[in-house]
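The values are calculated or read from the model by the stated rules, or taken from the named source; none is laboratory data. Keep in mind that what you see is a predicted model, and the values were worked out from it rather than measured. Every residue, glycine as well, gets a Cβ built from its backbone with ideal geometry; the counts of neighbours run over all protein chains shown.
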Amino acid sequence: VSFPPRAPRCPPCIGSRVPWLGAALRFRRAPLEFIERARAEHGPIFTVYTMGKRFTFVMEEGGAEVFFNSKDLNFEQAVQQLVKNAVSVPAEVFYQNHGKLYSMMKGKMGPSHLHVFTGTLCKELHGHIAQLGTTGTGDLIELVRHIMYPAAVNTLFGKGICPTSQSKLREFQEHFWKYDEDFEYASQMPECFLRNWSKSKKWLLKLFEKVVADAEGTNPSGTTSKTLLQHLLDNLQGKHLAPNYGLLMLWASQANTIPVAFWTLVFILSYPSVYKKIMEDLTSVFGSAAGKDEIEVSEEDLKNLPYIKWCTLEAIRLRSPGAIIKKVIKPVRIQDFTIPAGDMLMLSPYWLHRNPKYFPDPEVFKPDRWKEANLEKNAFLDRFVAFGGGKHQCPGRWFAIMEIQLLVVLFLYKYEFVLLDAVPKESPLHLVGIQQPLTPFRVQYKCRE
């Protein structure tokens, strides 16, 4: 007796009575909380149907193996629509440029090339930290933004290319923070639903027409003195879209680095034993004249301060993206489920990093756990996937980590802090990128005596 083959078993699907809209309203309200509730109700694999699309979430380690190793999943097809919505780059141009630009970024921002940026970035950070004065009070994430944005822009784009004067910077920040705030939603829905976001996007693209023109006008023939933006322009096919790629590069350089720097400082300042250890390390490397000298920090100095890198990576682990994404090209099997072609497969670093099998006491900030990572060979802890995995890891990850280390060194060596608020929880509003703080975290700072 023969029986017809059983239909593939798909994961439980969450939708609504309105077919196309699906779970969009509930999902958008607080996506991180939404997937936490869905995980508790349906298990570690489930599908969310929203705005005509299927997003299948995988929140366990077996799914990670499939996500990073299966040839039936495609990263480029997953992010192409996001890039089209976010910066108006058509599909054919995206596919034409992606591989070449990724390789260029990976090479120019890799570990062996960081020395090109260290001195310039250190000088820039010093200059913008000095603008805070000898004493003051403020929300820590705003202080970090006002330091890191102009320092990173001047380092990667070239000094004077993007607005850094206070009046122009204020207008720019209003548009950029709006663009960044709704970037996740705008990448998934028609622009007409987000008028303020669309207005800021158009303003930024107009700005980047001038930025690109200035960068092309000063582009040197030799490669050693080129900025990262000029390297991008040299490799880009479809020069009329250079402003669009410039905006994408700016967003990628700022959107995650600033919140990571914020959380790293928050955890350091709120754990007395961690703070004590870091200050002892800083004194051993730079001496006891904290607050007085404008220290120069080299690559070698950062190698002698591994604990700060551990703190940075531990902050990333605890505040990782809610999801990273690939498109299912052919049906794939995870546990007892078959994920159909066309689904967006969403792996959750946020939840994988809370697996006690790989991260004991997963909710606790424990920088010492990073002793086990072979960071000298640029290897992270097993199952740490905040930067993605395989050939699609973030190409700027080592630059970002170095940038945060420099900020922590200079900030803590110059100032002492009084914490005015409790440590904030992470906001439940975002899946893409590092988690943002839910509430302000004000600090009082003054130069060390």
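Going by the structure shown, is residue 399 within 26 Å of residue 270 (Cα to Cα), under 16 Å from the mean Cα position of the chain (by Cα) and either assigned by the TED database to the domain that holds residue 262 or not aromatic (Phe, Trp, Tyr) (or both)? Yes; evaluated as a whole, the condition is true for this residue.
Scanning the range 76-90 turns up no residue that is free of Cβ contacts under 8 Å to residues at least 60 places away in the same chain and exposed (fewer than 12 other Cβ atoms within 10 Å of the Cβ).
Where residues in the range 253-294 are among the aliphatic types (A, V, I, L, M) and touching a Lys or Arg at 6+ places or on another chain (Cβ under 6 Å), which of them is farthest from residue 151 (Cα to Cα)? Reasoning before the result, please.
Kept after step one, since they are among the aliphatic types (A, V, I, L, M), are these residues of the range 253-294: 255, 258, 260-261, 265-266, 268-269, 274, 278-279, 282, 285, 289-290.
Retained after the next criterion (residues that are touching a Lys or Arg at 6+ places or on another chain (Cβ under 6 Å)): 258, 290.
Working: 258: 12, 290: 22 Å.
Only one residue tops the list, namely 290.
Would you say residue 257 is β-branched (Val, Ile, Thr) and at pLDDT below 90?
Answer is no for this residue.
Set side by side, the residues 189, 148 differ, and just one is among the aliphatic types (A, V, I, L, M) and under 26 Å from residue 88 (Cβ atoms), which is 189.
Do we have residue 420 as modelled with pLDDT of 95 or more, more than 21 Å from the chain's Cα centre (by Cα), in the same structural domain as residue 116 (by the TED database) and surrounded by fewer than 18 Cβ atoms within 10 Å (Cβ to Cβ) here? Against the criterion (modelled with pLDDT of 95 or more, more than 21 Å from the chain's Cα centre (by Cα), in the same structural domain as residue 116 (by the TED database) and surrounded by fewer than 18 Cβ atoms within 10 Å (Cβ to Cβ)), residue 420 qualifies.
For the range 76-92, indicate whether the set of residues that are in contact with a Gly (Cβ under 8 Å, 6 or more places away or on another chain) and either more than 22 Å from residue 349 (Cα to Cα) or of a type outside the set (Ser, Thr, Tyr) (or both) is non-empty. No, the range 76-92 contains no residue that is in contact with a Gly (Cβ under 8 Å, 6 or more places away or on another chain) and either more than 22 Å from residue 349 (Cα to Cα) or of a type outside the set (Ser, Thr, Tyr) (or both). Applying a threshold of 6 Å to beta carbon distances and a minimum spacing of six or more residues, or different chains, the list of pairs starting in the range 247-267 at a residue that is assigned by the TED database to the domain that holds residue 315 and ending at one that is among the basic types (Lys, Arg) and crowded, with 23+ Cβ neighbours inside 10 Å reads 263/319.
Return the total of residues in the range 215-252 being within 22 Å of residue 96 (Cα to Cα) and among the hydroxyl-bearing types (Ser, Thr, Tyr).
The initial filter retains those residues of the range 215-252 that are within 22 Å of residue 96 (Cα to Cα), namely 216, 228-252.
From the residues that got through so far, the ones that are among the hydroxyl-bearing types (Ser, Thr, Tyr) too are 245.
Of the residues in the range 215-252, 1 are within 22 Å of residue 96 (Cα to Cα) and among the hydroxyl-bearing types (Ser, Thr, Tyr).
The single condition among (1) modelled with pLDDT under 95; (2) in the same structural domain as residue 272 (by the TED database); (3) within 15 Å of residue 260 (Cβ to Cβ) that residue 378 does not satisfy is (3). Condition test on residue 133, is it small (Gly, Ala, Ser) and assigned to a loop (DSSP other than H, G, I, E, B)? The answer is yes for residue 133. Counted as qualifying within the range 321-381 are the strands (runs of 3 or more DSSP E) with 1 or more residues that are buried (at least 17 other Cβ atoms within 10 Å of the Cβ), under 24 Å from the mean Cα position of the chain (by Cα) and aliphatic (A, V, I, L, M), namely 324-328, 344-347. Restricting the first member to the range 148-159 and to residues that are assigned by the TED database to the domain that holds residue 407, and the second to residues that are part of a loop (DSSP other than H, G, I, E, B) and not polar (S, T, N, Q), the beta-carbon pairs closer than 7 Å and six or more apart or on different chains are 153/162.
Only one entry in 250, 265 is farther than 26 Å from residue 420 by Cα, surrounded by 23 or more Cβ atoms within 10 Å (Cβ to Cβ) and not hydroxyl-bearing (Ser, Thr, Tyr), namely 250.
Annotation note: Cβ proximity below 7 Å between a residue of the range 221-235 that is in the same structural domain as residue 98 (by the TED database) and a residue that is aromatic (Phe, Trp, Tyr) (sequence gap 6+ or interchain) occurs for 227/157; 229/157; 232/245. Looking across the range 77-96, the residues that are assigned to a helix (DSSP H, G or I), within 20 Å of residue 255 (Cβ to Cβ) and not β-branched (Val, Ile, Thr) come down to 78, 80, 81, 82, 84, 85, 86, 94. Got at least one residue in the range 145-162 being farther than 22 Å from residue 449 by Cα, in a helix (DSSP H, G or I) and in contact with a Pro (Cβ under 8 Å, 6 or more places away or on another chain)? No: zero hits. Only helices (runs of 4 or more DSSP H) whose full extent lies in the range 195-254 are considered here, and the ones with at least 2 residues that are at pLDDT 90 or above and over 19 Å from residue 177 (Cα atoms) are 195-217, 228-235.
Look through 446, 391 and report the one residue that is surrounded by fewer than 20 Cβ atoms within 10 Å (Cβ to Cβ) and either assigned to a strand (DSSP E or B) or not assigned by the TED database to the domain that holds residue 269 (or both). Spell out how you get there, then give the answer.
Working: 391 fails: either assigned to a strand (DSSP E or B) or not assigned by the TED database to the domain that holds residue 269 (or both).
Answer to the selection: 446.
Within the set 9, 37, 54, 28, the sole residue that is over 29 Å from residue 179 (Cβ atoms) and either touching a residue at least 12 places away in the same chain (Cβ under 8 Å) or not in a helix (DSSP H, G or I) (or both) turns out to be 9.
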